[in-house]
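To start, the structure itself, in structure tokens.
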Amino acid sequence: MRDAGHSCVYEPAEDTWLLMEALHHGYPVMLDWCGSISSVADIGSGTGVIAAHLLSNLGLKTVAVDVSPYAIEASEEALGQRPEALIVYCNAGSCLRRVDLAVFNPPYLPEGDPEEEALVAGLCEGWFRLALTSPEAMREMCINASRAARCGVVAVYSTISPVDLEECLRRQGLRIVLGIEEPFFFERLKAIVAIRGAWS
């Protein structure tokens, strides 16, 4: 989950790759529905791997957003000094105004047993725990992504998440048009694509 390069940042894992797969399959659908997509926000950018993918492979103006100073540093390394990329320090995308597309991999895990929680809470001034477990941040990411995205949202979560992400997106006026699931140990990971104002 972590390596020596970014020991305080959640490293890309199965959920990251599933999110990228949903982007691969969902982007043409969103582009067809919305007409054009030129800007994207990666909320909770972490290592910056998703933001870098969006910038390099889709050619989108990319805003990487995170509240962790460690993640900001990692995202800066991933994106470099490219003029089409902006890295913003803010909480759960609350600073965003308007983009065409928003993506996020929220801290979706439920809280663990108290001993494990105490151990993780002490890592990196608590930033590493926040990257794993925060129902409040998960809800805020859902609401802020939905508010900011003109076209739609791509997100990933787990069936054991304490927040029903699909229901949250529906409450913000989005419709789920694509879902990809993958079994992972005792849970299922799910990536979803949601479009604003989609057909009923």
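Is it the case, given these coordinates, that R188 is of a type outside the set (A, V, I, L, M), at pLDDT 90 or above, more than 24 Å from A51 (Cβ to Cβ) and not in a strand (DSSP E or B)?
no
Return the total of residues in region 14-38 being free of Cβ contacts under 8 Å to residues at least 24 places away in the same chain and either within 24 Å of L109 (Cα to Cα) or outside any helix (DSSP H, G or I) (or both).
Of the residues in region 14-38, 2 are free of Cβ contacts under 8 Å to residues at least 24 places away in the same chain and either within 24 Å of L109 (Cα to Cα) or outside any helix (DSSP H, G or I) (or both).
Could you grab the pairs with beta carbons closer than 9 Å, sequence gap of 6+ or different chains, first residue in region 159-176 and in contact (Cβ under 8 Å) with a residue 24 or more places away in the chain, second one surrounded by fewer than 16 Cβ atoms within 10 Å (Cβ to Cβ) and among the hydroxyl-bearing types (S, T, Y)?
If the second residue must be surrounded by fewer than 16 Cβ atoms within 10 Å (Cβ to Cβ) and among the hydroxyl-bearing types (S, T, Y), the pairs left are R175/S200.
So V177 fits all but one of (1) in a helix (DSSP H, G or I); (2) at pLDDT 90 or above; (3) over 17 Å from the mean Cα position of the chain (by Cα); (4) aliphatic (A, V, I, L, M); what number is the exception?
The number of the failed condition is (1).
When you scan region 148-155, do you find a residue that is within 15 Å of the chain's Cα centre (by Cα), without any contact (Cβ under 8 Å) to a residue 40 or more places away in the chain and under 17 Å from I43 (Cβ atoms), even just one?
no
Quick check, is Y108 farther than 21 Å from S146 by Cα, hydroxyl-bearing (S, T, Y), buried (at least 19 other Cβ atoms within 10 Å of the Cβ) and touching a residue at least 12 places away in the same chain (Cβ under 8 Å)?
So Y108 does not fit the description; no.
Within region 74-93, is there a residue that is acidic (D, E), part of a helix (DSSP H, G or I) and farther than 22 Å from I195 by Cβ?
Within region 74-93, one or more residues are acidic (D, E), part of a helix (DSSP H, G or I) and farther than 22 Å from I195 by Cβ.
On the basis of being assigned to a helix (DSSP H, G or I), under 12 Å from the mean Cα position of the chain (by Cα) and crowded, with 16+ Cβ neighbours inside 10 Å, does A41 make the cut?
No.
Quick one: is I87 touching a residue at least 40 places away in the same chain (Cβ under 8 Å) and touching an Asp or Glu at 6+ places or on another chain (Cβ under 7 Å)?
Answer is yes for this residue.
The values are calculated or read from the model by the stated rules, or taken from the named source; none is laboratory data. Note that the structure is a prediction, hence the values are computed from the model and not measured. All Cβ positions, even for glycine, are placed from backbone atoms using ideal geometry, and neighbour counts span all protein chains on display.
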